[in-house]
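Structure, as structure tokens:
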There are 2 protein chains.
Amino acid sequence: MSRFKVGEMQVDAGTPLLMQGSNSPQLYTALEGMGLRSKVLPNGRRQVVNLVLPGDFVGLQAALMSEMGHSVEATTDMTLCVFNRSEMWNFIRENPKRAYSLTWIAANEESFLGDALATVGQRTALQSLAWAFAKLYQKGEALGLAAGGRMKLPYVQQDLADALGITTVHLNRVLKELRDRQIASWQDKVLNISDWHELTDMAMLESDHLPTRPLM
Amino acid sequence: MSRFKVGEMQVDAGTPLLMQGSNSPQLYTALEGMGLRSKVLPNGRRQVVNLVLPGDFVGLQAALMSEMGHSVEATTDMTLCVFNRSEMWNFIRENPKRAYSLTWIAANEESFLGDALATVGQRTALQSLAWAFAKLYQKGEALGLAAGGRMKLPYVQQDLADALGITTVHLNRVLKELRDRQIASWQDKVLNISDWHELTDMAMLESDHLPTRPLM
DNA sequence: CGAGACGTTGACTCGTCTCAACAGTGGTGG
DNA sequence: CCACCACTGTTGAGACGAGTCAACGTCTCG
């Protein structure tokens with residue numbers, strides 16, 4: 001594995017890592033810090049496709065396709081593990097298990113995006129927010145970034161709003177409702193979930209577990 | 001390739017092929033006919049994730065993950081090429097090129113879902129519909145299923161509405177607008193595009209070409 | 001001939017957007 | 001050091017897009 005690692009990279013918050021439409025020679029794995037993937041439409045509106053947490057692989061599209069469908073940027077200082085795109089083919093060829101892993105990652109991502117699509121398409125803003133909080137907390141917990149109902153969430157309201165397909169103004173109102181009803185709050189970059197059951201109920205979460213990877 | 005093919009299957013319109021949450025032992029490639037992937041929320045609302053056209057691979061999630069995130073059903077009579085899930089690992093191991101192809105398929109799907117997410121999240125109903133028509137026509141053209149601005153689209157309004165995250169009632173109104181403005185119409189299961197330029201303009205399509213697969 | 005699925009249209013309601021104002025914060029330059 | 005500005009979060013009032021409810025027409029099929 002480390003044969004393919006080119007090095008580590010440190011970037012400041014706000015740094016763009018990959019650009020929509022371009023074709024980077026580098027791929028990354030997030031080690032520390034958080035970021036987001038987004039795409040912007042010609043009319044200037046932005047859709048946040050998903051959030052990047054430690055452990056996430058970034059740039060698979062750049063590796064396989066002629067151009068990236070979205071941009072990736074850091075929202076906090078990040079350290080990333082850097083790979084060379086040109087090694088991708090060797091990476092797959094030399095060990096089928098790794099190829100399997102990559103495919104699993106892509107399929108997993110697809111599965112998540114399907115959920116996100118159902119959220120934006122079928123849930124109300126309140127349900128969407130509950131869904132996002134629940135999903136994030138689940139993932140954070142698995143990564144050891146969350147515990148006791150608390151998790152650091154270093155994003156601005158605009159980021160989450162763009163992810164859920166609503167405006168910051170409305171997100172703010174919905175946040176207030178979740179706060180007033182003592183279900184969850186998100187202030188000073190910290191998510192605080194006080195009523196997990198109510199939250200997941202509101203979110204209409206289908207399964208309470210993250211996708212698991214079957215043994216090969 | 002044919003070593004992995006178990007056989008062909010014929011199904012009638014309306015037949016479910018894979019069920020959300022289940023774990024089918026079979027995978028398919030669509031040969032003829034059309035279908036759709038969808039997921040339903042606990043409150044009964046349905047999100048159509050995408051449409052299945054000839055050539056599409058169906059069931060990658062079932063193959064790699066413990067359970068399917070969505071269901072797949074046929075909307076017309078279909079013939080499918082059937083593969084055995086248990087052969088998946090051999091399939092990948094024996095030929096890295098095939099592993100690469102699979103990963104490419106998954107990444108491509110992810111890219112599409114990102115677009116769809118941006119559509120549902122950031123576009124108005126009119127723009128969404130234009131986007132869907134344009135995307136479908138592009139794909140149909142590449143498959144030889146569309147020509148001269150015409151393409152068979154054997155779905156009901158409910159299907160498209162669920163794909164775009166709107167109601168049939170509203171879809172109907174928006175269809176009428178597209179018809180009245182002489183941009184495109186969809187009647188009797190046939191899509192008819194009369195003003196491609198206006199349509200793609202309205203859809204805010206970023207690129208006029210389908211994702212291409214780089215040579216390995 | 002009746003029942004059900006699909007499409008179409010109207011009137012009204014409701015969720016979300018837009019526009020706007022204001023407060024708190026941190027950064028920058030004079 | 002402080003005035004200023006940009007960015008973020010918060011809240012209110014009104015507008016608009018899309019949903020809901022309902023009626024009706026057409027078609028297919030038993």
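For A:Lys176, a cut-off of 16 angstrom between C-alpha atoms picks up these lysines, skipping any fewer than 8 places away in its own chain: A:Lys189.
Across the protein assembly as shown, counting alpha-carbon atoms alone, Rg and Dmax equal 21.4, 61 Å.
When only Cα pairs below 8 angstrom with a gap of at least 6 residues are kept, the range B:75-175 shows a relative contact order of 24 percent.
Taking a ≥ b ≥ c as the square roots of the eigenvalues of the alpha-carbon gyration tensor, the range B:52-120 is classed oblate because a/c is 1.5 or more while a/b is no larger than b/c. Taking the Cα centre of each part, how many Å lie between the range A:18-54 and the range A:120-142? Centre-to-centre distance over Cα atoms comes out at 19 Å. Using the Cβ-Cβ distance between B:Leu210 and B:Asn172 with R0 = 25 Å, the FRET efficiency computed as 1/(1 + (r/R0)^6) comes to roughly 0.30. Taken residue by residue and averaged, Cβ atoms of other chains lying within 10 Å of the Cβ of A:38-49 number 5. Give the angle, between 0 and 90 degrees and rounded to the nearest 10, that separates the Cα long axis of helix A:125-143 from the longest principal axis of the Cα atoms of chain A. So the helix axis and the longest Cα principal axis differ by about 50 degrees. Label-point distances for B:Asn84 to the equivalent site in the other copies, using a point 7 angstrom along Cα→C-beta, read 4.1 nm when ranked shortest first. For the residues of A:51-64, the average number of beta carbons from a partner chain within 10 Å of their own beta carbon is 2. Counting from the shortest, the label point at B:Arg173, 7 Å from Cα toward Cβ, is 1.9 nm from the same position in each remaining copy. Rounded to 0.05, the FRET efficiency of the B:Trp196 and A:Val156 pair, given R0 = 30 Å and the Cβ-Cβ distance, is 0.15.
Based on C-alpha pairs under 8 angstrom that are at least 6 apart in sequence, chain A has a relative contact order of 20 percent. Roughly speaking, what is the stretch gain from A:Lys5 to A:Ser86, that is 0.36 nm per residue apart minus the C-alpha to C-alpha distance, in nm to one decimal? My answer for the length gained is 28.0 nm. By the rule of a C-alpha distance below 16 Å, with chain neighbours fewer than 8 residues away ignored, the lysines paired with B:Lys97 are A:Lys97.
Going by a ≥ b ≥ c, the root eigenvalues of the Cα gyration tensor, does the range A:2-94 fall in the rounded group (a/c under 1.5), the prolate group (a/b larger than b/c) or the oblate group? Mind dumping the intermediate values first?
Numbers: a/c = 2.35, a/b = 1.30, b/c = 1.80.
It comes out oblate by the Cα gyration axes.
Each copy carries a label point for A:Ser22 at 7 Å from Cα along the beta-carbon vector; from one copy to the others these points are 4.6 nm apart, nearest first.
For peptide B:90-103, the mean count of partner chain Cβ atoms within 10 Å of a residue's Cβ comes to 5. Listed by chain and number, the lysines placed with their C-alpha closer than 16 angstrom to that of B:Lys135 are B:Lys152; residues fewer than eight positions away on the same chain are left out.
Read-outs throughout are calculated quantities, based only on the coordinates presented, and are distinct from any laboratory measurement. The shown structure was predicted, so the numbers you read here are calculated from the model rather than taken from an experiment. In this analysis, Cβ positions are derived from the backbone assuming ideal geometry, glycine residues included, and neighbour counts consider all displayed protein chains.
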